[in-house]
Amino acid sequence: MAATFAALAAAAAIATSCSPSGVMTLTPQVDIRETSSVSAAPARGLQRLVPSNPMMAGFPRWTQPREPGVMPSEEVACRQELRRIGVKYQDLAPIDDGGACRVDYPVKVFALSGGIAMQPAATLSCDMALAFAKWTKHELAPTARTRYLTGIGAIHQGSSYSCRKIAGTSTPSEHSKGNALDVMKIELKNGRDIDVRKPGFFKFREKSLLKAVRAGGCEYFNTVLGPGYNADHADHFHFDIKERRNGYVACK
């Protein structure tokens, strides 16, 4: 009988030590430090539009390829045209970040016709990717060759898909639909960089190129905004395919 009581006591002790109350809980420690505020220069250009990341390039979606046969015919035709003119791209999974932040059939563009690299790769709707690819092939590349006797090596973009509103408004940006792209710099094959910021007085070739960029873009996009338009666009060109009821094209 004594042995039985001893066994029961031992079992009770084990049960107590294995109960939730007997298990040590480790609470992660968070190191919270106060930092002194540093006054920074007022943000300009893309930094004002996307303050958290002035070089936002979109959100890559590499998950779950779509089932064959479900893509609308116009999306299929758009991709056929991209391939025809030499665009290197990859289909991404649908983007739905809530509200107007949605692209049902996004593509990620790595390179354009003629081997022009997109740096970094841009997440766009297929329609926007096609408009930009056509403009680059038929307007930008020939203009650069005429003025600099060399081709374009890369286009440096600062923002493709991005879930945000137009600065100072409650209106969703075309970036939130994958229908916009911001160009920061054009890199030529001879190693020269063409910064899209307003050039100096004596930089005639840069001025001529950027003027052509703005004018030619209005044939392919519904919105072209660049340096000189306002402070938000002081350091980049904004292109989008926003549809307007009256067919108005904003080329500024």
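Bear in mind that the values in this text are calculations on the coordinates, not laboratory data. Not measured: the values here are computed from a predicted model. Here the Cβ positions follow ideal geometry from the backbone for every residue, glycine too, while neighbour counts run over all protein chains shown.
Things to note:
- Förster radius 22 Å - calculated FRET efficiency between Thr146 and Ile85, Cβ distance, rounded to 0.05: 0.60
- Projecting the Cα positions of Leu188, Ala212, His175 onto the charge dipole of the stretch 151-252 (unit charges on Cβ atoms of Lys, Arg, Asp and Glu, taken about the Cα centre) puts Ala212 furthest along the positive direction.
- Residues of type lysines that Lys134 reaches as a straight line, Cα spacing below 25 Å, ignoring anything fewer than 8 places off in the same chain: Lys88, Lys108, Lys177, Lys185, Lys189, Lys198, Lys207, Lys211, Lys242, Lys252
- Cα gyration tensor of the stretch 141-252 - equivalent ellipsoid semi-axes, whole Å, descending: 26, 14, 14
- Calculated diffusion of the stretch 149-202, Stokes-Einstein form, Kirkwood radius summed over Cα pairs, 4 °C and 1.567 mPa s, µm²/s: 99
- Rounded to the nearest 20 debye, dipole of the stretch 153-252 from Cβ charges on Lys, Arg, Asp, Glu: 220
- Built amide H within the under 5 Å cut-off of Gly178, gap 5+: Ser162
- Cβ charges +1 (Lys, Arg) and -1 (Asp, Glu), total dipole of the stretch 87-244, debye: 680
- Neighbours of Gly99, meaning other residues whose beta-carbon lies under 12 angstrom from its beta-carbon, give a summed charge of +2 when Lys and Arg score +1 and Asp and Glu score -1.
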